[in-house]
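Asks: Before I ask anything, let me first share the structure, which is written out below as structure tokens.
The values are calculated or read from the model by the stated rules, or taken from the named source; none is laboratory data. Values in this document were obtained by computation on a predicted structure and should not be read as measured data. Heads up, the Cβs are rebuilt from the backbone with ideal geometry, glycines too, and the neighbour counts pull from every protein chain shown.
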Ligand code: UDP
């Protein structure tokens, strides 16, 4: 497989085309950002850890019959993925109150929600990723009603599988963000990454943060924490 031209550079990843039209080449960067890019730092070792964690999680999901764009990890910072057309949506699933949910509704962090709550955000840096409802998604022709339903169903299946996976690692899965893409035949496929950058993970006993809130909230060094997550997931 040959790496070819750069297709997209995100905040923490670069995506390249390959000589196979169906496959993209992803490089995980040592970059950390928060506040929609206002806070930005290079953190040595972060790319390696997120690549390994994401790869381990997608492999585990596959064992649970949940497909994703993940093909294989090809180096410590790189993986191959299936080329899909992304929906410009961030799909957030929440099990426990935290972050923007706690802030928006004036709630304490840490309360168990009666059921998993799904939220959609429009992936648009210029607009600062505004929250959207299903009518917004339909009227802006981002996805159809059927596609939204399918995305919600898949997001809930991923939640069930991830809750079990993290529970085995003594981690509470508070909330997380997913992204989905579409194959040429219209199949909707889980994509992007699942890592401590995109999940809130709390130690099951101490409730200590094991995720990017360490960086967002200036709570210390993120690398040992991400290493701990990888070690627990792969033990
Ligand atoms: N999240 C993400 N990317 C984003 C925004 C949120 O991966 O651009 C994840 C975040 O890590 C958390 C969940 O989505 O696990 C919910 O984030 P929230 O809406 O509480 O926003 P935040 O507090 O991160 O601003």
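Asks: Only one of these conditions is not met by residue 219: (1) within 12 Å of the ligand (Cβ to nearest atom); (2) at negative phi. Which number is it?
Replies: (1)
Asks: Give the range 104-124 a look and list any residue that's within 12 Å of the ligand (Cβ to nearest atom) and not in a strand (DSSP E or B), or say none.
Replies: 104, 105, 107, 109, 123, 124
Asks: While we're on this one: Any residue at all in the range 166-174 that's more than 14 Å from the ligand (Cβ to nearest atom) and in contact (Cβ under 8 Å) with a residue 40 or more places away in the chain?
Replies: Within the range 166-174, one or more residues are more than 14 Å from the ligand (Cβ to nearest atom) and in contact (Cβ under 8 Å) with a residue 40 or more places away in the chain.
Asks: Which condition does residue 150 not pass, out of (1) in contact with a helix residue (DSSP H, G or I) (Cβ under 6 Å, 6 or more places away or on another chain); (2) away from the ligand (no atom under 13 Å from the Cβ), if it passes all the others?
Replies: Going through the list (1) in contact with a helix residue (DSSP H, G or I) (Cβ under 6 Å, 6 or more places away or on another chain); (2) away from the ligand (no atom under 13 Å from the Cβ), residue 150 breaks only (1).
Asks: Listed residues 80, 29; which is modelled with pLDDT of 95 or more and either under 12 Å from residue 193 (Cβ atoms) or under 16 Å from the mean Cα position of the chain (by Cα) (or both)?
Replies: Among 80, 29, only 29 is modelled with pLDDT of 95 or more and either under 12 Å from residue 193 (Cβ atoms) or under 16 Å from the mean Cα position of the chain (by Cα) (or both).
Asks: Out of contact with any strand residue (DSSP E or B) (no Cβ under 7 Å at 6 or more places or on another chain) and either under 23 Å from residue 155 (Cα atoms) or modelled with pLDDT of 95 or more (or both): does that describe residue 105?
Replies: So residue 105 fits the description; yes.
Asks: Quick one: which of 230, 210 is within 14 Å of the ligand (Cβ to nearest atom) and either in contact (Cβ under 8 Å) with a residue 40 or more places away in the chain or under 18 Å from residue 52 (Cβ atoms) (or both)?
Replies: 210
Asks: Please give the number of the condition residue 204 fails out of (1) in contact (Cβ under 8 Å) with a residue 40 or more places away in the chain; (2) in contact with a strand residue (DSSP E or B) (Cβ under 7 Å, 6 or more places away or on another chain); (3) more than 16 Å from the ligand (Cβ to nearest atom).
Replies: (1)
Asks: Take residue 179 and decide whether it is closer than 30 Å to residue 85 by Cβ and in contact with a helix residue (DSSP H, G or I) (Cβ under 7 Å, 6 or more places away or on another chain).
Replies: no
Asks: Same structure, new question: With respect to residue 143, is the statement that it is surrounded by 13 or more Cβ atoms within 10 Å (Cβ to Cβ), out of contact with any strand residue (DSSP E or B) (no Cβ under 6 Å at 6 or more places or on another chain), at pLDDT 95 or above and within 30 Å of residue 205 (Cβ to Cβ) true?
Replies: no
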